[in-house]
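Report on the structure given below.
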Amino acid sequence: MYPALDHRIFHLISEIAAEHNVRCYVVGGYVRDILLDRPSKDIDILVVGSGIELARSVAKHSGKMGRVTVFRNFGTAMLRYDELEIEFVGARKESYSPDSRKPVVENGTLQDDLNRRDFTINALTVSLNRENFGELLDPFKGVSDLRKKVIRTVLDPDATYADDPLRMMRAIRFAAQLDFTIEMKSLRAITKNRQRIDIVSKERVTDELNKIMLTPKPSKGFGYLDRTGLLFFVLPELTRLKGVDIKDSVRHKDNFWHTLQVLDNISGKSDNIWLRWAALLHDIAKPVTKKYLPGHGWTFHSHEYVGAKMVPDIFRRMHLPLGKSMRYVQKLVKLHLRPIALVEEEVTDSAVRRLLFEAGEDIDDLMMLCEADITSKNDAKVRQYLANFRNVRKKLKEIEEKDAIRNFQPPVSGDVIMQTFNLRPCREVGIIKNAIKEAILEGTIANSYKEAYDYMIKKAVELGLNVVNDKRFS
Ligand code: ATP
Ligand code: MG
């Protein structure tokens, strides 16, 4: 018996099910994860009968359980026990029609229910019935697949993926999360059914994609998405990064594999999903900006700006959030070449201040992205680039300590400008404010109230404005 299954809650469920005269089982991901020694808090209980009734009865008998949440549409009920989340579901039988991933559902047997599950490793079952409590039922040789580390469908792969195309994303996601391989027959079936992913809601697809993004080595999942052709339907911009052009025997690197390596590199350093998205999209505009200049080679002029402009469309299409996270990704894509420009020895303080100002609190993430962007195979070069970036970090630190630009707020506010010259909000206020900001970033004046105030007066005189209220000492 697996120690995790000796938990009081499983004995309780077992006793109550016996009183109700229904059979029940632990099934799916929880069993798989016990066998893989991956801690998991989501438990699925399969009941041959009403899951909702059993859940209610268990809740009543256990004393310390909270309310049962019933999802009548799905015929399921959920309750919490300590940190565990337990879902009760009646065994069912499903039949699919070609234009939908929502099956017609009817009550079924244990076997019917296991037959509708996607992968052998997800159809593992542990009995909670008195006569064989704790016994593992493995009708599809899931344990052997766990050992072999393969993702294999329970039934015919072609029908499995055609019925519910989300399973194609799930196959790749599990392979990525568990570091498994997908069996050949499955890969062929996914390739064949790839276009059917279009009948799955964007949210579900993106959800799986994000899970792939969050694995320690996302290139594995993206490799599968590419091999099966699914990627084209999920994120076509990414497939356009593939390939190498050669002119006058000059070649550029394959930007698809470069991007995946940057994504892997960043994943070794941070769990921030949006930083990973920035890595995935940092070169997204290279194909549309690519030019060959004879004598000079391949250029991707402005790809960082064009790329930043592409981000909102991609996020909208994928139903990713359009607020702060998206702006963060855009910012990093737009700025990803800037730190490289600061490598030069004779770089001015004002260039450093400008980057600090534009990156703001995301400067450290931007530096991480730039370091992850180094994918040369030449070790000496990599070492040189990393040393260069250490230098840039040093410059950033020095200037930040001196000028505190990172969370820059103009030392003279719009209010002060308006009061001094007795103005309503107008064009002049904006001009003066901007002039002060520029002067500070350029280093013409220090980042202080006094110098900014004097500078404001000078600018205002140029604009023909007169001081009405002196605010010099406020
Ligand atoms: P995780 O919770 O880590 O995503 P899981 O295997 O528990 O993994 P869930 O989505 O929670 O995945 O689903 C629970 C179980 O329900 C799965 O183990 C599988 O048996 C079954 N299942 C879920 N989605 C599908 C599907 N689209 N097709 C067939 N079976 C599915
Ligand atoms: Mg689960």
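The values are calculated or read from the model by the stated rules, or taken from the named source; none is laboratory data. None of these values were measured; they are calculated from a predicted model. Note: ideal-geometry Cβ built from the backbone for every residue, glycine included; neighbour counts use all protein chains shown.
Are any residues in segment 136-154 over 19 Å from Val200 (Cβ atoms) and not in a helix (DSSP H, G or I), and if so, which ones?
Listed by number, the residues that qualify are Leu136, Leu137, Asp138, Pro139, Phe140, Lys141, Lys149, Val150, Arg152, Val154.
Might you let me know whether segment 37-51 holds any residue that is away from ligand 1 (no atom under 12 Å from the Cβ), surrounded by fewer than 17 Cβ atoms within 10 Å (Cβ to Cβ) and within 33 Å of the chain's Cα centre (by Cα)?
yes
Starting from residues that are within 10 Å of ligand 1 (Cβ to nearest atom) and either free of Cβ contacts under 8 Å to residues at least 24 places away in the same chain or not in a helix (DSSP H, G or I) (or both), keep the ones in segment 164-195 and report whichever is surrounded by the fewest Cβ atoms within 10 Å (Cβ to Cβ).
Filtering first and then ranking leaves Asp164.
Can you name the residue in segment 409-447 that is basic (Lys, Arg) and outside any loop (DSSP other than H, G, I, E, B) and, of all such residues, is surrounded by the fewest Cβ atoms within 10 Å (Cβ to Cβ)?
Out of the qualifying residues, it is Arg427.
Can you spot a residue in segment 56-72 that is closer than 22 Å to Asp164 by Cα and either within 13 Å of ligand 1 (Cβ to nearest atom) or not assigned by TED's automatic domain parsing to the domain that holds Gly28 (or both)?
Checking segment 56-72: not a single residue is closer than 22 Å to Asp164 by Cα and either within 13 Å of ligand 1 (Cβ to nearest atom) or not assigned by TED's automatic domain parsing to the domain that holds Gly28 (or both).
Provide a single number: the residues in segment 112-138 that are small (Gly, Ala, Ser), within 13 Å of ligand 1 (Cβ to nearest atom) and either touching a strand residue (DSSP E or B) at 6+ places or on another chain (Cβ under 6 Å) or over 20 Å from Gly49 (Cβ atoms) (or both).
0
Being under 31 Å from the mean Cα position of the chain (by Cα) and surrounded by 18 or more Cβ atoms within 10 Å (Cβ to Cβ): is that true of Val31 here?
So Val31 passes the test.
Thr109: closer than 17 Å to Ser40 by Cβ, more than 9 Å from ligand 1 (Cβ to nearest atom) and out of contact with any Gly (no Cβ under 7 Å at 6 or more places or on another chain), yes or no?
In short, no.
How many of the residues making up segment 1-42 are more than 17 Å from Glu135 (Cβ to Cβ) and among the hydrophobic types (A, V, I, L, M, F, W, C)?
Residues flagged as more than 17 Å from Glu135 (Cβ to Cβ) and among the hydrophobic types (A, V, I, L, M, F, W, C) within segment 1-42 amount to 5.
Which residue, of Val26, Val47, Val70, is touching a residue at least 60 places away in the same chain (Cβ under 8 Å) and assigned to a strand (DSSP E or B)?
Answer to the selection: Val26.
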